[in-house]
Amino acid sequence: MRLSQLFTKTSKNVPADETSKNAQLLIQAGYVYKEMAGAYVYLPLGLMVVENIKKVVREEMNAIGSNELIMTGLQRKDIWEKTGRWSDEAVDIWFKTRLQDDTELGLGWSHEEPIVEMLKQYISSYKDLPISLYQFQTKMRNELRARSGIMRGREFVMKDMYSFHASAEDLDAYYDKTIEAYKRVYDRLGLADDTYVTFASGGAFTKFSHEFQTICDAGEDVIYLHRGKNIAINEEVIDDAVKELGINRDELEKVKTAEVGNIFNFGTQKTDEMGLRFADDSGNPSSIYMGSYGIGITRVMGVIVEKFSDDKGIVWPEVVAPAKVYLALLGDAPEVVKDADALYEQLTRAGVTVLYDDRGCRPGEKFADADLLGIPYRVVVSSKTHESGAYETKGRTASE
RNA sequence: CGGGGAGUGGCGCAGUCUGGUAGCGCACGCGGUUUGGGACCGCGGGGUCGCAGGUUCGAAUCCUGUCUCCCCGACCA
């Protein structure tokens, strides 16, 4: 992409009404625009990052046999009433609205109930199981207080996956498979070193659910960690977990984290409540086992910015960066422009993503923007490089 | 929802205490000089001070109400 054609620009001033690092840097660099508290526009560069994260997640979910779909943002009241989760007492973050004929609707904050309802039409026999489905959805949650920039919004992009099984064993096996897939996701996103599979509350069928927690000062969670044994426990279940796992609490280190993913074993509770069943090999109706697995895509983006930045700006891991190379054209000498144009084309043809800074601004501004934007590699094309016949390249974090 | 802070050109701020009809930096436009780490000089455009009401000859400034934003807490299937 040519920067001369990009409508956003970087700013020297950071917004005063944001104190979180991720929001400041993302707004300053032109990745996001704040529409209101907890709701951000993903501008062209920001969208590229979101899509890059989604690509990694998509590949790993596909690899464990899940099917992608997109469900609706509008949701039916009657479906959620079946599990008692329509009421504001049960779920206090609902955005609700109504049709012109006064029919009440909800804006999706999760899709467990709707997907179970939908599957009644597609699952009838054990031959139809197991099934795993996922989507990237904009979730709407009426949080009391939005905060931490894009890390906790009222509207955010989430990957949610749901799996359905004929037996508890089959669900357990898939649950474990998903844990491994999630590990690969965070590994590819550059977060592996600081991300822990964490025991947490909320399992309906098992004692604990699992969360993926990334060490991050801007996070909202606290976990207890044993780096050596690779054990992590959310503060909310620390007493139970210590007992259950037979470990000494004193050996655990207390750290602040951000929840970047979670997985739930629902057992047959939800499918039973909603009447989703299958015929086993004897033709008898049987309960279906369900798992639910989430990754906050935009939150992950925020966490990455929080963790990977320096005094000059963002330092994106290569897989998520909006481009791999920042091509800085210095000066406007025709032969130099020709060099840069040619290199841009050559790299693009070779499948290397490039932000081509063909703007008429001064070198210092281009270097500063390259750093602020956090592009992994910078290539300079100038009259000097035209003379020498060699381009200058530099890694984002390399010193001059 | 409780506590604290803040709303003044697109962004960052000063001015508010001690009312007299708005200023600076960035950004933007024009001209010129520049051109390897966010250049410099000159000229210029853009706000009526979150919104509503009140006090006053006169309100960004005082009073009342209200909306919004940020931080801490509570909350977070």
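Just so you know, all these numbers are worked out from the coordinates, no wet-lab data involved. Here the structure is a predicted model, which is why all the values come from computation and not from measurement. Here Cβ is always computed from backbone atoms with ideal geometry, including for glycine, and neighbour counts include all displayed protein chains.
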Worksheet entry | Highest average packing first - A:369-380, A:384-395, Cβ atoms within 10 Å | A:369-380, A:384-395
Discussion item. Can you compute the charge dipole magnitude of region A:122-172 about its Cα centre, using +1 on each Lys and Arg Cβ and -1 on each Asp and Glu Cβ, nothing else charged? Give it in debye, rounded to the nearest 20.
Written reply: 560
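Within region A:159-233, which trypsin sites (Lys or Arg not before Pro) sit in a loop by DSSP and count at most 15 neighbouring Cβ atoms inside 10 Å? List each step's numbers first, then the result.
Details: sites: A:159, A:177, A:183, A:184, A:188, A:207, A:227, A:229; in loops: A:207, A:227, A:229.
Listed in order of number, the matching sites are A:207, A:227, A:229.
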Worksheet item: Among A:355, A:333, A:377, which residue has its Cα positioned farthest towards the positive end of the charge dipole of region A:327-380, with +1 placed on the Cβ of Lys and Arg, -1 on the Cβ of Asp and Glu, and the dipole taken about the Cα centre?
Response: A:377
Discussion item. Report, in listed order, any pair from A:159/A:270; A:34/A:177; A:54/A:270; A:324/A:366; A:34/A:54 with a Cα-Cα distance greater than 26 Å.
Written reply: A:34/A:177; A:54/A:270
Worksheet item: Can you work out ³J(HN,Hα) from phi for every residue in region A:210-215, in order, using Karplus 6.51 cos²θ - 1.76 cosθ + 1.60 and θ = phi - 60°, giving whole Hz and x for Gly and Pro?
Response: 10, 10, 9, 10, 10, 4
Discussion item. Students often check this: by mean Cβ neighbours within 10 Å, which of A:294-307, A:336-349, A:211-224, A:110-123 ranks highest, and how do the rest follow?
Written reply: A:294-307, A:211-224, A:110-123, A:336-349
Discussion item. Could you work out [θ]222 nm for chain A from helices alone, using -39500 (n - 2.57) per DSSP H run of at least four and dividing by all its residues? Round to the nearest 500 deg cm²/dmol.
Written reply: -9000 deg cm²/dmol
